[in-house]
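Right, one structure below, let's go through it.
What follows draws every value from the coordinates through simple rules; no lab data is involved. Just so it is clear, the model here is predicted, and its values are computed rather than measured. Counting neighbours? That spans all protein chains shown, and the Cβs are built from the backbone with ideal geometry, glycine included.
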Amino acid sequence: MDRETLMLLDPGATREAVDAAWSFSDFGGFLDCFKFIAKRLRGPRDYALITRRMMESLARQGVTYAEVTLGAGVVLWRGFDFNSVWQAIREAQRESEKEFPVKVWWNLDAIRQFGPEHVMEVARLAAKYAGDGAISFGIGGDEIGGPALPLREAFAYARDAGLRLTAHAGETAGPESIRAALEIGAERIGHGIRAADDPDLMRRLREERIPLEVCITSNVKTGTVASLDAHPVRRLFDAGVPITLNTDDPGVFETDLAREFALARDVFGFSETEVEVVAEAAKKFRFGV
């Protein structure tokens, strides 16, 4: 959801209020912006519109395959009927595919700081739609306020339902958060940049071929790294840790995949060969076909 889409959905939102929400410079400010957006979603039709605009954006970038995180926990938090939202998204996806040739799978995401019962509820939803576009289950939100280990049962439930597993970790918390995510079964790590602080963890990620979903622009805008130049993407890659480049919330962080790859080249000195390695990693570690 970008600024223009939000104002389209909520004509009452002033440009000044929207710009203020987007002017964050730390993780708390990002969460406030996220809530600002979520509170303006009115139900299935809004989710359908967002889906169509997303599909158009992906096609415009030349993306042909995407695994997209749907904040299923947010749908529940807003009090919407999830099945109605899901059907609206899937119908919008099917209609958009006629015009935009992008294959999309969905990662249903729980709000980790809401606790084990909420996370299990989302896991059950994800399992219900495992044969209907949902390919994985994950956790996002405040990793400090929502530690991973108490969520082990929900991850096991999702895995037993045939879903793949991912988790945001090592974004605002340290390497121990990544280790906890791995312990409960995460196959990929969202962000994971704090692994750069732990050589043993980087060795484990390298040897076990566990990829990090690196989001350069996001990490700068949320203040999880001090500056663009301080981002550890180069150190992680040079250490042999598998990485992919991602946009996180492209509308909120005002980026796209082309820009993330340009940053790797222009700021961090990735050669064309190294860029290809990263691009191939996205294909190798994808959950779908």
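Would a scan of the range 73-86 turn up a residue that is of a type in the set (S, T, N, Q), farther than 19 Å from Lys283 by Cα and crowded, with 18+ Cβ neighbours inside 10 Å?
No - not one qualifying residue is present in the range 73-86.
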Quiz item: Considering the range 86-99 alone, what residues qualify as being in contact (Cβ under 8 Å) with a residue 12 or more places away in the chain and of a type outside the set (Asp, Glu)?
Solution: Trp86, Gln87, Ala88, Ile89, Arg90, Ala92, Gln93, Ser96
Quiz item: Which one of these is more than 20 Å from Leu41 (Cβ to Cβ) and of a type outside the set (Val, Ile, Thr): Trp105, Trp86?
Solution: Trp105
Practice problem: Collect the residues in the range 215-246 that are touching a Leu at 6+ places or on another chain (Cβ under 6 Å) and closer than 30 Å to Glu4 by Cβ, keeping them in residue-number order. | Solution: Ile216, Val220
Practice problem: Evaluate the range 188-203: report whether one residue or more is touching a residue at least 60 places away in the same chain (Cβ under 8 Å) and either under 16 Å from Thr244 (Cβ atoms) or assigned to a loop (DSSP other than H, G, I, E, B) (or both). | Solution: yes
Self-check item: Positions within the range 10-36 being hydrophobic (A, V, I, L, M, F, W, C) and not in a helix (DSSP H, G or I), in sequence order
Solution: Ala13, Trp22, Phe24
Quiz item: Which members of the range 51-67 meet the condition of being in a helix (DSSP H, G or I) and surrounded by fewer than 21 Cβ atoms within 10 Å (Cβ to Cβ)?
Solution: Arg52, Arg53, Glu56, Ser57, Ala59, Arg60, Gln61
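Residues checked against (1) within 24 Å of Ala167 (Cβ to Cβ); (2) within 18 Å of the chain's Cα centre (by Cα); (3) not hydrophobic (A, V, I, L, M, F, W, C):
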| position | (1), (2), (3) |
| --- | --- |
| Glu213 | yes, yes, yes |
| Glu254 | no, yes, yes |
| Phe270 | no, no, no |
| Ala282 | yes, yes, no |
Quiz item: Among the residues of the range 152-171, is any more than 26 Å from Arg124 (Cβ to Cβ) and among the β-branched types (Val, Ile, Thr)?
Solution: no
Quiz item: Of the residues Asp19, Asp32, Asp26, Asp2, which is within 22 Å of Val220 (Cβ to Cβ), of a type in the set (D, E, K, R), touching a residue at least 60 places away in the same chain (Cβ under 8 Å) and surrounded by fewer than 19 Cβ atoms within 10 Å (Cβ to Cβ)?
Solution: Asp26
Self-check item: Pairs where the first residue, in the range 41-63, is of a type in the set (D, E, K, R) and the second is part of a helix (DSSP H, G or I), C-beta under 8 Å, 6+ apart
Solution: Arg42/Leu9; Arg45/Ala88; Asp46/Leu9; Arg52/Ala92; Arg52/Glu95; Arg52/Ser96; Arg53/Thr5; Glu56/Ser96
